[in-house]
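The values are calculated or read from the model by the stated rules, or taken from the named source; none is laboratory data. The model shown is predicted, which means the values in this text are computed figures rather than measured ones. Neighbour counts run over all protein chains shown; Cβ positions are idealised from the backbone, glycine included.
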Amino acid sequence: MLAAARLSACARSNFADRTLLDLGIDQLVIVGAGLDTTLQRVHDRFDGQAWLVDLPGVLAWREELFRNAGVADFAHHVAADLRNGLDPHLLKMAGFNTRRPAVILWLGVSMYLPPAQCRRFVADLSGLSHGSVLIFDYVLSPRHRDESGATYANAVATMAGKAGEPWLCTTAPSDARRWLEEAGWYVHQDIDEASVVPPEFWDRQTHLKPMKLIRLVYASLRVERRPT
Ligand SMILES: C[S@@+](CC[C@H](N)C(=O)[O-])C[C@H]1O[C@@H](n2cnc3c(N)ncnc32)[C@H](O)[C@@H]1O
């Protein structure tokens, strides 16, 4: 189970890194940043500014851990509780330019918010500049999972629930697409997380196999053609 969780974090991060670097957009907002290390991975190829959004206590904890570890973490911190939505004005106050496109990473977070809040979040960001990109993951609702996905989900949901972080939002791809499209996002990709893992990886595994449980989405604001 822990190996599958590690693989999931690597797969989504790799998907996000590749998309971010391909796009060449120089404003990056990491929402629900936690201990995300995107900046540390891409620092020599990403020429721009970054904002980290999370609960105030989590940002302070992150700052302390990174400082104690001697790891540079050049980003603006924006404290926000996503249960109240995300007002782009908060980003603006921290130096973000709402008139220029940005890449918003929202990974490993949507499942911890009630569905109405997820829907509100994508709508709150719809006022960002034309060409802005949203990359996020969501958990499939039970009837869309395969057997491996269902088994893993039961184990993780029990553990996350006991740790005080229950999964609150699981959704069908058609609903996720509706939330995005009604807020003006054009969906370029909505794919199984396992599909971004190279096939050779699975061939070498005895305990891990692809499962249908988590989806990765790449959407942009009012741009139908994937930027090249
Ligand atoms: C599983 S971690 C994901 C961290 C990172 N994005 C990644 O991909 O590894 C979930 C993060 O979402 C944040 N989060 C959960 N609920 C939140 C809320 N209501 N407001 C702000 N952040 C929240 C948590 O504090 C945590 O840092």
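Tell me, which residue of segment 163-211 that is more than 17 Å from Pro115 (Cβ to Cβ) and of a type in the set (Val, Ile, Thr) is surrounded by the most Cβ atoms within 10 Å (Cβ to Cβ)? This residue is Val197. Tell me, yes or no, whether segment 1-23 has at least one residue that is more than 8 Å from the ligand (Cβ to nearest atom), out of contact with any Phe, Trp or Tyr (no Cβ under 8 Å at 6 or more places or on another chain), of a type in the set (Ser, Thr, Tyr) and part of a helix (DSSP H, G or I). Yes: one or more hits.
Residues that are of a type in the set (A, V, I, L, M, F, W, C), within 8 Å of the ligand (Cβ to nearest atom) and at pLDDT 95 or above within segment 46-84 comprise Val53, Leu55, Val58, Ala80, listed in sequence order. Just one of (1) in a helix (DSSP H, G or I); (2) touching a strand residue (DSSP E or B) at 6+ places or on another chain (Cβ under 7 Å) fails for Phe66. It is (2).
Selection within segment 34-53: residues that are charged (D, E, K, R) and either free of Cβ contacts under 8 Å to residues at least 12 places away in the same chain or in contact with a strand residue (DSSP E or B) (Cβ under 6 Å, 6 or more places away or on another chain) (or both). The member of this set that is surrounded by the fewest Cβ atoms within 10 Å (Cβ to Cβ) is Asp44.
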